[in-house]
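Handing you this structure, nothing more for now.
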Amino acid sequence: MLPNQHNKFLVVGPAWVGDLVMSQVLLQLLKKQDPAATIDVLAPAWARALLERMPEVQQIHAMPLGHGQLQLRERWQLGRNLVPENYSRAIVLPNSWKSAVIPFAAQIPQRTGWLGELRWGLLNDVRYLDKQQLPLMIQRFAALGLSKNKTTEAISELTKPKLVVQADSIIAALHKFDLQLTKPMLALCPGAEYGPAKRWPTDYYAQVAKQKLAEGWAVWLFGSAKDKSVAAEIQQQTDQRCCDLTGRTNLGEAVDLLSLAQAVVTNDSGLMHIAAALNRPIVAVYGSSSPRFTPPLAEKIKILTLGLACSPCFKRECPLGHLKCLTDLMPTQVLQAITELT
């Protein structure tokens, strides 16, 4: 790179909501190292709502291909279309072979990523992951923004993801859904895209909702259209007294409304990481996954996990059929955690 010439990065982002939120630590690190750097992100189209709330991002390139689709010709053409951008460096966060094709086709001089699926050639700055040295996902993301001999710096002094919301967008979302903030609001995020082994029981969520409603709180239910059946069960058990937003908001509206919560109860999910990046007080319930790898990153957090011998198993469904890692974690524990946070 020529003297006084600043970096122009293309970051190939993850395909999961939570991972994308956590990837902001890398963007923050790149900006810290070179405040004048330009950072563009290639990510799925749904990610725009999150990336627009990350001040480090200048330009967003939508990935038109679905998760898991190879479509090599289309990837190659997308990369060729990016050649005029003259990126100085690409950082590829997914570990798949196909995710490294676009930066190669874009003729980006330095292409950094973990070895992953044997990506020799596609990447020319290949890193070898030491999982013991970098146990957290945010550390693994951040390490790719450092030189090879400085990866230990990724462990210390990392900033937390921080989504920036605008007042006018919040007001617009409140008006759209006819919502008012006359009471403290508890946000419940009862879904988990990964599978049932991450979902705290629905009737437990309902018990928490009933107690907070009795205390004079408002309870709003957040999630995608896939979570509507779960939300309907909670509504049935609470006499329809919650505000069900599942499947009604787009991702940007969900972010803006979630920023208003006095407390959030959530499974290990993308919404958990969004709430953390909004610095909301969070009660995070862990079942089959581990907070040692992807913990919520906020100032006020209560992580509830039973630490059973069979967990974390990282399975979508309980391989033993009992789901005790979640069913033995009672609503009273969550309610106590809410009280301690608020």
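Of these, Gln24, Gln28, Gln110, which one is at pLDDT 95 or above and in contact with a strand residue (DSSP E or B) (Cβ under 9 Å, 6 or more places away or on another chain)? Break it down into steps so the answer makes sense when it comes.
Values: Gln24 fails: in contact with a strand residue (DSSP E or B) (Cβ under 9 Å, 6 or more places away or on another chain); Gln28 fails: in contact with a strand residue (DSSP E or B) (Cβ under 9 Å, 6 or more places away or on another chain).
Gln110 is the lone residue from the list that is at pLDDT 95 or above and in contact with a strand residue (DSSP E or B) (Cβ under 9 Å, 6 or more places away or on another chain).
Looking at segment 183-235, which of its residues are under 21 Å from Cys313 (Cβ atoms), assigned to a helix (DSSP H, G or I) and among the aromatic types (Phe, Trp, Tyr)?
Tyr204, the sole residue that qualifies.
Quick test of your reading of the structure: Ala15 fulfils all but one of (1) at pLDDT below 95; (2) out of contact with any His (no Cβ under 6 Å at 6 or more places or on another chain). Name the failing condition by number.
The failed condition is (2).
Let me ask something additional. Return yes when Leu258 is under 24 Å from Leu27 (Cα atoms), outside the structural domain of Lys131 (by TED's automatic domain parsing) and of a type in the set (A, V, I, L, M) and no when it is not.
Working: under 24 Å from Leu27 (Cα atoms): yes; outside the structural domain of Lys131 (by TED's automatic domain parsing): yes; of a type in the set (A, V, I, L, M): yes.
Criteria met by Leu258.
Between Val25, Val101, which is crowded, with 18+ Cβ neighbours inside 10 Å and either of a type outside the set (A, V, I, L, M, F, W, C) or free of Cβ contacts under 8 Å to residues at least 40 places away in the same chain (or both)? Steps first, please.
On the way: Val25 fails: either of a type outside the set (A, V, I, L, M, F, W, C) or free of Cβ contacts under 8 Å to residues at least 40 places away in the same chain (or both).
From the options Val25, Val101, the qualifying one is Val101.
Being assigned to a loop (DSSP other than H, G, I, E, B), under 27 Å from Leu181 (Cβ atoms) and of a type in the set (A, V, I, L, M, F, W, C) is the requirement here; does Leu260 meet it?
Numbers: assigned to a loop (DSSP other than H, G, I, E, B): yes; under 27 Å from Leu181 (Cβ atoms): yes; of a type in the set (A, V, I, L, M, F, W, C): yes.
In short, yes.
Taking Lys315, is it surrounded by 15 or more Cβ atoms within 10 Å (Cβ to Cβ), more than 19 Å from Lys212 (Cα to Cα) and of a type in the set (Lys, Arg)? So that I can check it myself, show each step before the final result.
On the way: surrounded by 15 or more Cβ atoms within 10 Å (Cβ to Cβ): yes; more than 19 Å from Lys212 (Cα to Cα): yes; of a type in the set (Lys, Arg): yes.
Yes, satisfied.
Okay, moving on. Determine the pairs where a residue that is under 7 Å from Leu186 (Cβ atoms), located within segment 207-219, has a partner that is at pLDDT 95 or above and among the hydroxyl-bearing types (Ser, Thr, Tyr) with Cβ atoms under 7 Å apart, the partner being 6 or more residues away or on another chain.
Filtered contacts from segment 207-219: no entries.
I've got another one for you. So which residues in segment 40-56 are surrounded by 23 or more Cβ atoms within 10 Å (Cβ to Cβ) and either among the charged types (D, E, K, R) or touching an Asp or Glu at 6+ places or on another chain (Cβ under 7 Å) (or both)?
The one that is surrounded by 23 or more Cβ atoms within 10 Å (Cβ to Cβ) and either among the charged types (D, E, K, R) or touching an Asp or Glu at 6+ places or on another chain (Cβ under 7 Å) (or both): Arg53.
Select the helices (runs of 4 or more DSSP H) contained entirely in segment 61-179, then report the ones holding at least 2 residues which are within 20 Å of the chain's Cα centre (by Cα). Don't jump to the end; show me each part of the working.
Details: elements: 72-81, 101-105, 137-143, 167-176.
Fully inside segment 61-179 and qualifying: 137-143.
The values are calculated or read from the model by the stated rules, or taken from the named source; none is laboratory data. Predicted, not measured: the structure shown is a model, and the values here were computed from it. Heads up, the Cβs are rebuilt from the backbone with ideal geometry, glycines too, and the neighbour counts pull from every protein chain shown.
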